[in-house]
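Structure first, commentary second.
The values are calculated or read from the model by the stated rules, or taken from the named source; none is laboratory data. Worth saying up front: this structure is predicted, and the values here are computed from it rather than measured. Note that we place each Cβ from the backbone using ideal geometry, even for glycine, and neighbour counts take in every protein chain shown. These area figures cover heavy atoms from the full protein model, side chains too; ligands, DNA and RNA do not enter into them. Shrake-Rupley method; radii C 1.70, N 1.55, O 1.52, S 1.80 Å.
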Amino acid sequence: MSTTAQIIKDAKSGMDKAIENSKREFSGVRTGKASPNMLDTIKVEAYGSMLPLNQVASIAAPEPRILLVTPFDKGQAKVIEKAIRESELGLDPAHQGGVIRVPLPSMNEQRRKELVKVLHKLAEDGRIAVRHARTDARDKVKKLDGVSEDEKKHAEKELQKVHDEFIGKIDALVKAKEAELMEV
């Protein structure tokens, strides 16, 4: 395998990771019923660093419209509650006896539109990650020694094709999730 082929393969791998990350982020944007992974994007300041919520608490969905967050360390309850309240998800948690209850507001038209905006912001983050993978690969191709200019140009064209394909995948994911959000 030539070095340009390896660089393109590595770029595809990076772009695949961007797609997987986007899917994970999109799953956190709620549609209508409670799902523990809705809170995956929330980070909590715990033990001197920012940790994902699911590393400091267990999350359950006992009912379709309620999430229960149980902190592993009861002293973290206030910090977790604050992190959920300040997230872009528009949730209003309530701390009751060591458990944080997170009721889900009903989905009105305005709320759906807010969530679509959040979705588009997450999608742009995914697109940026895909562009970074392409840019890194392009820089590596330009620095290659012992490779003809024609081969470098061909590799850059191939990189652009791969980039466009992955951007298309993110756009398709956004479109599907947006349709899911907007259905009543």
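Structure summary
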item: Verdict on residue 103 being touching a strand residue (DSSP E or B) at 6+ places or on another chain (Cβ under 6 Å), open to solvent by 20 Å² or more (accessible area, probe 1.4 Å), within 30 Å of residue 182 (Cβ to Cβ) and modelled with pLDDT under 90; result: yes
item: The listed residue being surrounded by 14 or more Cβ atoms within 10 Å (Cβ to Cβ) and over 24 Å from residue 87 (Cβ atoms), out of 122, 144; result: 144
item: Residue in region 150-165 that is within 21 Å of the chain's Cα centre (by Cα) and open to solvent by 20 Å² or more (accessible area, probe 1.4 Å) present; result: yes
item: Positions within region 6-15 being of a type in the set (D, E, K, R) and touching a residue at least 24 places away in the same chain (Cβ under 8 Å), in sequence order; result: 10, 12
